[in-house]
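Notes follow once the structure below has been shown.
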Amino acid sequence: MDLFEYQGKQFFARYGMPVSDGEAVQTVEDAVAAAERLGTPVMVKAQVHTGGRGKAGGVKFAATVDDVREHATNILGLDINGHIVENLWIEVASDIAEEYYASFTLDRGAKKHLGMLSAEGGVEIETVAEETPDKISKIWVDPVDGLSEEVAREWVAKANLNPDATEGTVDILMKLYTAYTEGDADLCEINPLILTPEGKVHVLDAKVTLDGNADFRHDLDEYDATQKRDEREEAAHAKGLQYVGLDGSVGVIANGAGLAMSTLDVINQVGGKPANFLDIGGGANADVMSGALQVINDDPNVKAIFINIFGGITRGEEVANGILEAMKRVEISSPIVIRLDGTNAEEGRAILAPELDDMLRMETTMLDAAKVAAELAK
Amino acid sequence: MSIFLDENSKVVYQGLTGSQGRYYGLLNRDYGTNVVAGTNPKKAGTDVDGIPVYANVGEAVEATGANVSCIFIPAAGVKSAVMEAAEGGVELIVAITEGVPAHDEAWFFNKLQRDYPNVRLLGPNCPGLISPGKANVGITAGHIAKAGGPVGIVSRSGTLTYQALYELQQKDIGVTTCVGIGGDPVPGTSFIDCLAAFEADPETKAIMMIGEIGGSAEEEAAQFIKDHVTKPVSSYVAGVTAPPGKKMGHAGAIVSGGKGTADAKMEALRDAGVKVGLNPTEAGELMAEIVAGL
């Protein structure tokens, strides 16, 4: 779950990290009012779940309240990599002497937490990693041990920061690690972490991704409410379905994440374009199936529907009855192609056979079913 | 032979008294798995369809000689369930539960490695494993697998594992063991662990490996195959068409920063001499060719 910058900063502030005062707003008037309260100069920053805000003109310095009005007007509604700006963060501007980079994330290969620190901040860390990898100082933290101040100090020493920044950086890194672990974050990134002319180390940006699986330990409602989903994803989310919207015309319903992913691959292989990823999980009863069909059917781009079910524990006849029952509940506007395989597939197919027509077809293999669905969607 | 699990395995189910635990525990017993116990601190002394329930894994091990634990505990309790199983003295822990926080997984993976280096963890968020004809632990439908070998299967995806088992069964090809390692960021058992075990198992003559997008486990496996595996391998990697930055169902299945793409994984596997199919059926057909040539 991606947090906006301002949410990330509020999250960091709870763990005692120094962040700038600011206010989150949604209108030009509120932006101006916030700037008047905070006092100029301020930064006007677009709040979007994507990178490259600066380049897209989504981050501006405002010396006066008039500047705030102008920038807020321009930035609200701006399209940044397909994300329309609806929220702004108005923040007290900081003087910058140096820009650094700091982050924690999970290194899946090493199965340890990876800390990265660089004296080259303010730019894409991927670029630094590619062009000058020796400028990133890395440590791997065993989750059982955690991060000690001694280790953090050695780590900072290796990063060749300005000596004035040492104490402040050690302090922030210790707190960043605590925020990352206690907050169940997938990523905690500060870019840039700045050294001010007065010698203070300060958090100027925050990129935080939280692990939705840890919601039993944290209240994530506040962040869930600001997640940007398209309408289809919102509807599927409300039904508890695992759904990802894509831009093709073949609607997909499959049981299991791997099979659903594989279904998209096969549709693509035969020249079709999937409209979505949708995993209905292990079972395929009428309730789940009708919910899934509803979501797919409401997508105006969908021209054909491919239901790909492999019966494991769930038997073929249960799946077939589930599909038929669901079709009674939802008025389907696109033809459906079913591929049913696995446990008692023969029995399942026998139940479907009398119902087949132009709007409901059946194929025995995944590849053939994909071909028919792709053809129907053209 | 088989790997990790055989007819001598004695299994205790943590969460046997819950609906999922009971359903699959009994199904596993019907298959022939030696289901010896369940645990629930509040229901010690009772039984589930004749299977005795103990307060914890340690007591179950003491009373029954259980050496495998299967976890059907809700996500919030998995961290302590895994440690209870390790402390209780089992050799293999199979954690079926999905939705376990990544920080918990990273923590108990390292804790086990340090304090219980001989305990194998499979999962979390995995379908379990089956050695057809001998034992089935987890949620795999046992009857879709043909017993006997010569193929060993390792997979990151549940339904694609079933698909693989089924395709081989349709072609009358048997399986020594099928291991579902699960789709989470920190799996307890890796592709490499399974490849090494299959390489060492005399009855396994060929290996089928099913991967998916995200992380670098398939690339690492490819390197391991190149260096250490003499047996032929066929493979399929799901998610060629997955858009970057979108999590495809599994917590671990996400292409981020241009890394973890299916194309890169397939290329690494081909480079290691693996026969790569573009869909599960094709991987099954490639395996049938391999088996015919053995």
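The values are calculated or read from the model by the stated rules, or taken from the named source; none is laboratory data. On a predicted model such as this, the values are computed, not experimentally measured, just so you know. As a convention, Cβ positions derive from the backbone with ideal geometry for all residues, glycine included, and neighbour counts pool all protein chains shown. To get the accessible areas, we keep the full protein, side chains included, count just its heavy atoms, and leave off ligands, DNA and RNA. Shrake-Rupley method; radii C 1.70, N 1.55, O 1.52, S 1.80 Å.
Quick notes on this one:
- Candidates B:100, B:61, B:94, B:78 - the one that is modelled with pLDDT of 95 or more, farther than 20 Å from residue A:186 by Cα and either within 14 Å of chain A (Cβ to nearest Cβ) or in contact with a helix residue (DSSP H, G or I) (Cβ under 7 Å, 6 or more places away or on another chain) (or both): B:61
- Check on residue B:35, under 29 Å from residue B:196 (Cα atoms) and touching a helix residue (DSSP H, G or I) at 6+ places or on another chain (Cβ under 9 Å): yes
- The residue of region B:217-230 that is farthest from the other protein chains (Cβ to nearest Cβ), among those that are in contact with a helix residue (DSSP H, G or I) (Cβ under 6 Å, 6 or more places away or on another chain) and surrounded by fewer than 24 Cβ atoms within 10 Å (Cβ to Cβ), is B:229.
- Checking residue A:281 against (1) open to solvent by less than 50 Å² (accessible area, probe 1.4 Å); (2) on the phi < 0 side of the Ramachandran plot; (3) under 28 Å from the mean Cα position of the chain (by Cα), the condition it does not meet: (2)
- Scanning region A:81-105 for residues that are within 30 Å of residue B:112 (Cα to Cα) and surrounded by fewer than 23 Cβ atoms within 10 Å (Cβ to Cβ) returns A:103, A:105.
- Entirely in region A:243-335, the helices (runs of 4 or more DSSP H) that have 2 or more residues that are within 14 Å of another protein chain (Cβ to nearest Cβ): A:257-269, A:316-329
- Region A:1-59 - residue that is part of a helix (DSSP H, G or I) and of a type in the set (Val, Ile, Thr) and, of those, least open to solvent (accessible area, probe 1.4 Å): A:32
- So residue A:254, is it open to solvent by less than 10 Å² (accessible area, probe 1.4 Å), without any contact (Cβ under 8 Å) to a residue 60 or more places away in the chain and in contact with a Ser or Thr (Cβ under 6 Å, 6 or more places away or on another chain): yes
- Selection from region B:199-216 of residues that are more than 14 Å from residue B:234 (Cα to Cα), open to solvent by 40 Å² or more (accessible area, probe 1.4 Å) and either aliphatic (A, V, I, L, M) or in contact with a Leu (Cβ under 8 Å, 6 or more places away or on another chain) (or both): B:200
- Test: residue A:175 is crowded, with 16+ Cβ neighbours inside 10 Å and without any contact (Cβ under 8 Å) to a residue 60 or more places away in the chain: no
- Any chance residue B:196 is under 23 Å from residue B:294 (Cα atoms) and open to solvent by 10 Å² or more (accessible area, probe 1.4 Å): yes
- Comparison of A:204, A:241, A:278 shows that the only residue that is more than 23 Å from residue B:281 (Cα to Cα) and touching a helix residue (DSSP H, G or I) at 6+ places or on another chain (Cβ under 8 Å) is A:241.
- Restricting region B:98-107 to residues that are crowded, with 23+ Cβ neighbours inside 10 Å and not in a helix (DSSP H, G or I) leaves a set whose member that is farthest from the chain's Cα centre (by Cα) is B:101.
- Among the candidates B:129, B:160, residue that is away from chain A (no Cβ under 12 Å) and closer than 26 Å to residue A:344 by Cβ: B:129
- In region A:156-172, the residues that are buried (at least 21 other Cβ atoms within 10 Å of the Cβ) and not in a loop (DSSP other than H, G, I, E, B): A:156, A:165, A:169, A:172
- Among the residues of region B:108-120, at least one is closer than 26 Å to residue A:257 by Cα, within 13 Å of another protein chain (Cβ to nearest Cβ) and surrounded by fewer than 24 Cβ atoms within 10 Å (Cβ to Cβ).
- The listed residue being in contact (Cβ under 8 Å) with a residue 24 or more places away in the chain, facing chain A (nearest Cβ under 10 Å) and buried (at least 24 other Cβ atoms within 10 Å of the Cβ), out of B:235, B:155, B:190: B:155
- Hits in region A:323-353 - residues which are modelled with pLDDT of 95 or more and open to solvent by 70 Å² or more (accessible area, probe 1.4 Å): none
- Considered as a group, the residues in region A:108-148 that are surrounded by fewer than 16 Cβ atoms within 10 Å (Cβ to Cβ) and assigned to a strand (DSSP E or B) include one that is modelled with the highest pLDDT, and that residue is A:140.
- Leading residue by the ranking (surrounded by the fewest Cβ atoms within 10 Å (Cβ to Cβ)) among those in region A:210-236 that are within 14 Å of chain B (Cβ to nearest Cβ) and part of a loop (DSSP other than H, G, I, E, B): A:230
- Subset of region B:244-264 [open to solvent by less than 50 Å² (accessible area, probe 1.4 Å) and within 7 Å of chain A (Cβ to nearest Cβ)]: B:248, B:249, B:250, B:251, B:253
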